[in-house]
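K.L.:
Mind looking over this structure? Questions follow.
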Amino acid sequence: MSKFLKSTTILAALSLAAAPAMAQKLGLGRTALPEEIAAWNGDISPDGTGLPIGQGDAIEGEEIFATKCAACHGDFAEGIGNWPKLAGGKDTLNHEDPLKTVGSYWPYLSTAFDYIQRSMPYGDAGTLGDDETYAILAYILYSNDLIEDDFVLSNETFLDVAMPNADGFIVDNRAETEYAHWRSEPCMENCKAAPVKVTMRAMVLDVTPQEEAAAVPAPEVEAVVAEPVQEAAATPEPEVPQVVAASFDAELAAQGEKVFRKCKACHQVGEGAKNRTGPILTGIVDKAAGTVDGFKYSKPMQQAGADGLIWSQDALAAFLAKPKSYMKGTKMSFAGLKSEDDQLAVIEYLKSFAD
Amino acid sequence: MTHKPSRRQFLRNTVAAGAAITVAGKADAQSPDPLITEVQPWAQSFGDGVDETPYGLPISYENDVIRRNVEWLTADTVSSINFTPIHALDGTITPQGCAFERHHSGAIDLKKEDYRLMINGLVDTPLVFTYADLERFPRENHVYFCECAANSGMEWAGAQLNGAQFTHGMIHNMEYTGVPLRTLLEEAGLDTAGDLKDKWVFVEGADASSNGRSIPMEKALDDVLVAFKANGEALRKEHGYPVRLVVPGWEGNMWIKWIRRIEVMDAAVQAREETSKYTDTLADGVSRKWTWEMDAKSVVTSPSPQSPITHGTGPLVITGLAWSGRGAITRVDVSKDGGMTWETARLAKAGEKMALTRFYLDTDWDGSEMMLQSRAMDDTGYVQPTKTQLREVRGLNSIYHNNGIQTWLVRANGEAENVEVS
């Protein structure tokens with residue numbers, strides 16, 4: 001490394017003519033205040049530097065995990081669908097398809113604390129308290145059979161946890177294992193045994209995305225609107241589809257489709273939609289609160305539905321404006337849609353998906 | 001929902017259309033070409049006035065030249081990647097509007113006015129810069145490629161995705177304007193850090209993932225840029241507007257977007273993106289870490305599965321891209337027979353360090369099947385390996401840093417497919 005530094009310095013000296021001369025400081029910027037540094041300087045190092053004072057155990061963690069993490073990572077940290085699996089995979093790293101989890105792969109526990117507190121929960125990053133993070137991490141460790149359920153994870157016990165794959169990493173050794181062999185003058189003729197044969201074809205797998213109709217601006221909103229209207233005749237309660245047909249504003253819905261990107265991380269809507277972090281939103285407008293099949297609602301949301309809350313346009317707008325104020329205890333971690341236009345647009349978009 | 005034509009249909013249509021064009025465009029056409037003999041509407045009346053599009057987009061006929069996503073790869077588009085349509089581009093500069101995106105929690109809206117960059121840790125004076133401050137430092141211009149470490153990662157176990165966009169499109173190449181990171185670190189002062197050779201900088205973004213990474217001080221002081229313009233204009237939101245880090249030749253994950261903090265440290269943080277991700281697991285289960293440099297690599301962009309030959313036999317331009325994270329491309333060879341014999345291609349310009357190089361092989365196609373390959377060499381003497389060579393050293397589970405030689409099987413009808421060969 002020092003060799004590299006020396007050559008860099010020489011290079012820098014040589015290239016002074018091309019680069020702007022930097023003789024002295026320019027006095028730009030201002031001194032960062034301690035409070036500012038404290039607010040952003042959250043990184044945690046393998047030796048525990050940066051860890052906040054706090055603690056939590058797996059039993060506390062299980063409850064928090066169920067509310068804030070399980071929608072993607074599963075109740076047992078086993079992962080749902082394509083979302084990351086956080087537990088399992090012991091001794092699989094040399095297998096054909098290794099399962100890399102916090103337990104089987106991550107070399108440092110600090111990495112998990114740093115990442116959870118920095119980037120999780122997905123869509124609501126940076127909101128976990130220190131004790132909550134310790135508790136969640138304890139639950140993940142417990143799910144990996146790395147600690148007992150009475151182990152209290154804290155800034156003091158942090159380094160007591162042994163990570164199974166701590167010694168599983170080597171620093172990049174391509175220079176020794178590869179470069180030395182791949183620097184010879186390349187072959188130009190008769191380079192391999194004839195005849196050259198095709199050994200594998202991508203078309204056999206057929207996993208390439210189909211060519212999209214990019215040339216045609218997708219009339220998606222219109223197409224979806226057509227469905228509920230058609231279904232209206234067969235539906236025993238025609239009120240809802242009629243409302244959709246009568247008061248529907250396709251242009252506003254198209255704006256709403258853009259706003260809905262903020263919701264998409266957790267919610268699906270339309271044909272083939274599934275419950276994810278949040279419930280399916282197909283037919284949500286004018287539906288009773290807390291009644292989507294198969295979704296585990298918070299207690300307050302279940303209660304509100306039982307008490308007769310209907311997701312009318314006004315109720316939805318109020319909820320979307322500030323979810324947590326509107327319904328204390330909701331699982332929806334979204335901060336809210338400040339703009340009234342955005343609220344109306346996204347509701348209009350949701351209207352285009354009737355049950 | 002509208003019916004989406006399958007890719008094969010698309011190819012057939014393209015080939016059919018190509019055939020028609022060929023006939024009409026032949027010099028020995030039997031009947032006069034009405035496009036020449038009849039006055040066309042565009043030759044008679046007006047086109048658009050100057051203010052029709054204050055900021056222009058490509059003409060509608062080019063609207064298939066777009067970024068594309070492979071949906072099954074990730075759980076959610078907010079933490080996902082899409083691919084540059086390299087099969088349809090030429091030259092080396094990637095237009096921002098179709099340059100691949102990779103986000104860990106979506107492309108955020110961050111105004112210049114709300115932008116702050118902090119430098120803290122082992123510096124003499126921790127500093128906060130505004131966007132306006134950054135524009136007052138002496139700045140530089142450099143063209144660099146940015147390649148995701150996972151580019152071609154889906155191909156480790158074998159040919160999987162059918163198109164250069166999907167196999168090699170996690171790359172773009174832009175001209176950046178920015179301030180050397182060295183300048184900003186020196187403004188904060190590095191005397192406190194002492195001996196610099198074992199020091200690091202930890203860099204993080206302002207988005208919800210923040211994507212922290214550790215970079216050794218040697219690199220930080222060498223050529224890393226804090227960039228705010230690309231290809232002459234402001235960065236696009238999806239590439240980190242208003243300010244991103246440019247780490248020449250090194251994996252794209254380190255090019256922190258919306259960069260908000262740089263901390264001088266005496267060790268690597270070992271953050272999530274440098275331990276659990278962006279590490280390369282070998283066959284024995286041991287993983288390489290800190291595999292930052294992107295090795296020399298190349299790919300034929302046309303003909304390729306999404307860019308079939310539509311003109312029949314005769315003159316054919318075979319073209320592609322080559323690059324190396326360790327220096328400049330010095331030579332590219334092309335094989336039409338799956339690596340049995342090679343011809344040296346023409347470089348459009350001499351290779352530049354850590355930037356894309358365009359190559360051409362101007363050839364006469366006799367209509368026979370080809371197994372097209374390209375092989376890049378850089379100024380360290382490194383020769384791009386075959387996929388077999390890579391697998392012999394690394395196994396199949398590396399995920400990242402697959403720079404093996406790509407093969408396109410081009411059939412007599414001009415269609416091409418991603419294959420592997422003996």
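K.L.:
Could you check, for the range B:357-368, whether at least one of its residues is in a loop (DSSP other than H, G, I, E, B), touching a residue at least 40 places away in the same chain (Cβ under 8 Å), charged (D, E, K, R) and closer than 19 Å to A:R183 by Cβ? Steps first, please.
P.N.:
Taking the range B:357-368 as the starting set, the residues that turn out to be in a loop (DSSP other than H, G, I, E, B) are B:366-368.
Of the ones still in play, those that are also touching a residue at least 40 places away in the same chain (Cβ under 8 Å) are B:366-368.
Right, trim to charged (D, E, K, R) and you get B:366.
Now drop any that are not closer than 19 Å to A:R183 by Cβ, which leaves none.
There is no residue in the range B:357-368 that is in a loop (DSSP other than H, G, I, E, B), touching a residue at least 40 places away in the same chain (Cβ under 8 Å), charged (D, E, K, R) and closer than 19 Å to A:R183 by Cβ.
K.L.:
Next up: Would you mind stating whether A:Y139 is part of a helix (DSSP H, G or I) and of a type in the set (F, W, Y)? Show your work before the answer.
P.N.:
Details: part of a helix (DSSP H, G or I): yes; of a type in the set (F, W, Y): yes.
When the stated conditions are applied, A:Y139 passes them.
K.L.:
Among the residues of the range B:298-306, are any modelled with pLDDT of 95 or more, over 23 Å from B:D333 (Cβ atoms), within 14 Å of chain A (Cβ to nearest Cβ) and in a loop (DSSP other than H, G, I, E, B)? Can you show your working first?
P.N.:
Within the range B:298-306, the subset modelled with pLDDT of 95 or more is B:298-306.
So of that shortlist, the ones also over 23 Å from B:D333 (Cβ atoms) come out as B:306.
Those left that are additionally within 14 Å of chain A (Cβ to nearest Cβ): B:306.
Filter again for in a loop (DSSP other than H, G, I, E, B), leaving B:306.
For the range B:298-306, residues modelled with pLDDT of 95 or more, over 23 Å from B:D333 (Cβ atoms), within 14 Å of chain A (Cβ to nearest Cβ) and in a loop (DSSP other than H, G, I, E, B): present.
K.L.:
What number of residues within the range A:282-330 are among the hydrophobic types (A, V, I, L, M, F, W, C) and in a helix (DSSP H, G or I)?
P.N.:
Let us first name the residues in the range A:282-330 that are among the hydrophobic types (A, V, I, L, M, F, W, C), namely A:284-285, A:288-289, A:292, A:295, A:301, A:304, A:306, A:309-311, A:315-321, A:327.
With in a helix (DSSP H, G or I) added as a condition, the list becomes A:301, A:304, A:306, A:315-321.
Final tally of qualifying residues: 10.
K.L.:
Could you grab the pairs with beta carbons closer than 6 Å, sequence gap of 6+ or different chains, first residue in the range A:260-276 and at pLDDT below 80, second one outside any loop (DSSP other than H, G, I, E, B)?
P.N.:
Here the result reads A:A265/B:V78, each pair linking the range A:260-276 to a residue that is outside any loop (DSSP other than H, G, I, E, B).
K.L.:
Which residues, taken from the range B:167-199, are assigned to a helix (DSSP H, G or I) and either assigned by TED's automatic domain parsing to the domain that holds B:H401 or closer than 26 Å to B:T84 by Cβ (or both)?
P.N.:
Step one: of the range B:167-199, the residues assigned to a helix (DSSP H, G or I) are B:167-168, B:181-188, B:196-198.
Result: B:T167, B:H168, B:L181.
K.L.:
What are the residues in the range B:270-295 that are more than 9 Å from chain A (Cβ to nearest Cβ) and either touching a Gly at 6+ places or on another chain (Cβ under 8 Å) or farther than 30 Å from A:Y108 by Cα (or both), if any?
P.N.:
If the condition is that a residue be more than 9 Å from chain A (Cβ to nearest Cβ) and either touching a Gly at 6+ places or on another chain (Cβ under 8 Å) or farther than 30 Å from A:Y108 by Cα (or both), then B:M294 is the only one that fits.
K.L.:
Can I ask one more? Just wondering, is there one or more residues in the range A:63-71 that are crowded, with 17+ Cβ neighbours inside 10 Å and touching a strand residue (DSSP E or B) at 6+ places or on another chain (Cβ under 9 Å)?
P.N.:
Within the range A:63-71, the subset crowded, with 17+ Cβ neighbours inside 10 Å is A:64-65, A:68-71.
After this cut, where a residue has to be touching a strand residue (DSSP E or B) at 6+ places or on another chain (Cβ under 9 Å) as well, the list is A:64.
So far as the range A:63-71 goes, yes, one or more of its residues are crowded, with 17+ Cβ neighbours inside 10 Å and touching a strand residue (DSSP E or B) at 6+ places or on another chain (Cβ under 9 Å).
K.L.:
Listed residues A:D91, A:D97; which is surrounded by fewer than 20 Cβ atoms within 10 Å (Cβ to Cβ), at the interface with another protein chain (Cβ under 8 Å from one of its Cβ atoms) and farther than 30 Å from B:R116 by Cβ? It would help to see each step written out before you state the result.
P.N.:
Numbers: A:D91 fails: at the interface with another protein chain (Cβ under 8 Å from one of its Cβ atoms).
Matching residue, one of A:D91, A:D97: A:D97.
K.L.:
How many residues are more than 7 Å from every other protein chain (Cβ to nearest Cβ), out of contact with any Phe, Trp or Tyr (no Cβ under 9 Å at 6 or more places or on another chain) and surrounded by 13 or more Cβ atoms within 10 Å (Cβ to Cβ) if we restrict to the range A:175-205?
P.N.:
Adding up the residues that qualify gives 1.
K.L.:
Further question on the same structure: Being outside any loop (DSSP other than H, G, I, E, B), in contact with a Lys or Arg (Cβ under 9 Å, 6 or more places away or on another chain) and crowded, with 24+ Cβ neighbours inside 10 Å is the filter here, so list the residues in the range B:125-166 that pass it.
P.N.:
The answer is B:F129, B:Y144, B:E147, B:Q165, B:F166.
K.L.:
Would you pick out the residues in the range B:238-257 that are open to solvent by less than 20 Å² (accessible area, probe 1.4 Å) and part of a loop (DSSP other than H, G, I, E, B)?
P.N.:
Once the filter is applied, which keeps residues that are open to solvent by less than 20 Å² (accessible area, probe 1.4 Å) and part of a loop (DSSP other than H, G, I, E, B), the range B:238-257 yields B:G240, B:P242, B:V243, B:V247, B:P248, B:G249, B:E251, B:W255, B:I256.
K.L.:
Of the numbered conditions (1) surrounded by fewer than 19 Cβ atoms within 10 Å (Cβ to Cβ); (2) touching an Asp or Glu at 6+ places or on another chain (Cβ under 9 Å), B:D378 fails exactly one; give the number of that condition.
P.N.:
So the condition that B:D378 fails would be (1).
K.L.:
Would you call B:G169 touching a Leu at 6+ places or on another chain (Cβ under 9 Å) and buried (at least 24 other Cβ atoms within 10 Å of the Cβ)?
P.N.:
On the way: touching a Leu at 6+ places or on another chain (Cβ under 9 Å): no; buried (at least 24 other Cβ atoms within 10 Å of the Cβ): yes.
Answer is no for this residue.
K.L.:
Further question on the same structure: Inspect all residues belonging to the range A:67-88 and state whether any of them is of a type in the set (D, E) and within 8 Å of chain B (Cβ to nearest Cβ).
P.N.:
First, pick out the residues of the range A:67-88 that are of a type in the set (D, E): A:75, A:78.
Add one more test, that the residue is within 8 Å of chain B (Cβ to nearest Cβ), and what stays is none.
Within the range A:67-88, none of the residues are of a type in the set (D, E) and within 8 Å of chain B (Cβ to nearest Cβ).
K.L.:
On the basis of being assigned to a loop (DSSP other than H, G, I, E, B), within 15 Å of B:M294 (Cβ to Cβ) and in contact (Cβ under 8 Å) with a residue 12 or more places away in the chain, does B:G351 make the cut? Give the derivation first.
P.N.:
Values: assigned to a loop (DSSP other than H, G, I, E, B): yes; within 15 Å of B:M294 (Cβ to Cβ): yes; in contact (Cβ under 8 Å) with a residue 12 or more places away in the chain: yes.
Yes; evaluated as a whole, the condition is true for this residue.
K.L.:
Specify which of the listed residues (B:E218, B:E204) is within 10 Å of chain A (Cβ to nearest Cβ), open to solvent by less than 10 Å² (accessible area, probe 1.4 Å) and without any contact (Cβ under 8 Å) to a residue 40 or more places away in the chain.
P.N.:
Just one listed residue meets the conditions, B:E218.
K.L.:
What are the residues in the range B:94-124 that are under 13 Å from the mean Cα position of the chain (by Cα) and part of a loop (DSSP other than H, G, I, E, B), if any?
P.N.:
Result: B:T94, B:P95, B:A99, B:F100, B:E101.
K.L.:
Can I ask one more? Looking at the range B:223-237, can you tell me whether even one residue there is closer than 13 Å to B:I108 by Cβ and open to solvent by less than 30 Å² (accessible area, probe 1.4 Å)? Give the steps one after another, and end with the answer.
P.N.:
So in the range B:223-237, the residues closer than 13 Å to B:I108 by Cβ come out as B:235-237.
In the following step, the residues that additionally are open to solvent by less than 30 Å² (accessible area, probe 1.4 Å) were identified as B:235.
Checked against the condition, which is being closer than 13 Å to B:I108 by Cβ and open to solvent by less than 30 Å² (accessible area, probe 1.4 Å), the range B:223-237 yields at least one hit.
K.L.:
Additional query: Let me spell it out: the conditions are (1) touching a residue at least 12 places away in the same chain (Cβ under 8 Å); (2) on the phi < 0 side of the Ramachandran plot; (3) within 11 Å of chain A (Cβ to nearest Cβ); (4) of a type outside the set (S, T, Y), and B:E186 meets all of them except one. Which number is the exception?
P.N.:
For B:E186, the failing item is (1).
K.L.:
Right, next: Return yes when A:D131 is assigned to a loop (DSSP other than H, G, I, E, B), of a type in the set (D, E, K, R) and more than 7 Å from chain B (Cβ to nearest Cβ) and no when it is not.
P.N.:
Taking the combined requirement at face value, the residue does not satisfy it.
K.L.:
Does B:I318 satisfy the criteria of being in a strand (DSSP E or B), touching a Pro at 6+ places or on another chain (Cβ under 9 Å) and outside the structural domain of B:H168 (by TED's automatic domain parsing)?
P.N.:
Values: in a strand (DSSP E or B): yes; touching a Pro at 6+ places or on another chain (Cβ under 9 Å): yes; outside the structural domain of B:H168 (by TED's automatic domain parsing): yes.
Yes, satisfied.
K.L.:
For B:R260, all conditions in the list (1) part of a loop (DSSP other than H, G, I, E, B); (2) in contact with a Leu (Cβ under 9 Å, 6 or more places away or on another chain) hold save one; what is the number of the exception?
P.N.:
Of the numbered conditions (1) part of a loop (DSSP other than H, G, I, E, B); (2) in contact with a Leu (Cβ under 9 Å, 6 or more places away or on another chain), the odd one out for B:R260 is (1).
K.L.:
Then there's this: Got a number for residues in the range A:100-110 being touching a residue at least 24 places away in the same chain (Cβ under 8 Å), facing chain B (nearest Cβ under 8 Å) and of a type outside the set (A, V, I, L, M, F, W, C)?
P.N.:
First, pick out the residues of the range A:100-110 that are touching a residue at least 24 places away in the same chain (Cβ under 8 Å): A:101-110.
Then drop every residue that is not facing chain B (nearest Cβ under 8 Å), which leaves A:102, A:105-108, A:110.
Those still in the list that are of a type outside the set (A, V, I, L, M, F, W, C) too: A:105, A:107-108, A:110.
Total meeting the criteria: 4.
K.L.:
Just to check your reading of the model, which residue among B:N413, B:N403, B:N397 is in a loop (DSSP other than H, G, I, E, B) and open to solvent by 40 Å² or more (accessible area, probe 1.4 Å)? Break it down stepwise before answering.
P.N.:
On the way: B:N403 fails: open to solvent by 40 Å² or more (accessible area, probe 1.4 Å); B:N397 fails: open to solvent by 40 Å² or more (accessible area, probe 1.4 Å).
Only one candidate passes the filter, namely B:N413.
K.L.:
Here is a further query. Residue by residue through the range B:69-93, note down the ones that are of a type outside the set (A, V, I, L, M, F, W, C), open to solvent by 20 Å² or more (accessible area, probe 1.4 Å) and not in a loop (DSSP other than H, G, I, E, B). Lay out the reasoning, then the answer.
P.N.:
We begin by selecting, within the range B:69-93, every residue of a type outside the set (A, V, I, L, M, F, W, C); these are B:69, B:71, B:74, B:76-77, B:79-80, B:82, B:84-85, B:87, B:90-92.
Now narrow it down to the ones that are open to solvent by 20 Å² or more (accessible area, probe 1.4 Å): B:69, B:71, B:74, B:77, B:79, B:82, B:87, B:90-92.
Within the range B:69-93, B:N69, B:E71, B:T77, B:S79, B:N82, B:H87 qualify.
K.L.:
Oh, and also: Within the range A:31-50, track down each residue that is open to solvent by 40 Å² or more (accessible area, probe 1.4 Å) and more than 7 Å from every other protein chain (Cβ to nearest Cβ).
P.N.:
Within the range A:31-50, A:L33, A:P34, A:E35, A:A38, A:A39, A:G42, A:D47, A:T49, A:G50 meet the criteria.
K.L.:
Taking the options B:D266, B:D198, B:D191, B:D280, name whichever one is of a type outside the set (V, I, T), touching a residue at least 40 places away in the same chain (Cβ under 8 Å) and touching a His at 6+ places or on another chain (Cβ under 7 Å). Explain how you work it out, then say what you get.
P.N.:
Values: B:D266 fails: touching a His at 6+ places or on another chain (Cβ under 7 Å); B:D198 fails: touching a His at 6+ places or on another chain (Cβ under 7 Å); B:D191 fails: touching a His at 6+ places or on another chain (Cβ under 7 Å).
When all the criteria are applied, what remains is B:D280.
The values are calculated or read from the model by the stated rules, or taken from the named source; none is laboratory data. Everything numeric in this text was worked out from a predicted model, so none of it was measured. Using ideal geometry, Cβ is built from the backbone for each residue, glycine included, and neighbour counts are taken over all protein chains shown. Accessible surface is based on the protein model in full, side chains and every heavy atom, while ligands, DNA and RNA are left aside. Shrake-Rupley method; radii C 1.70, N 1.55, O 1.52, S 1.80 Å.
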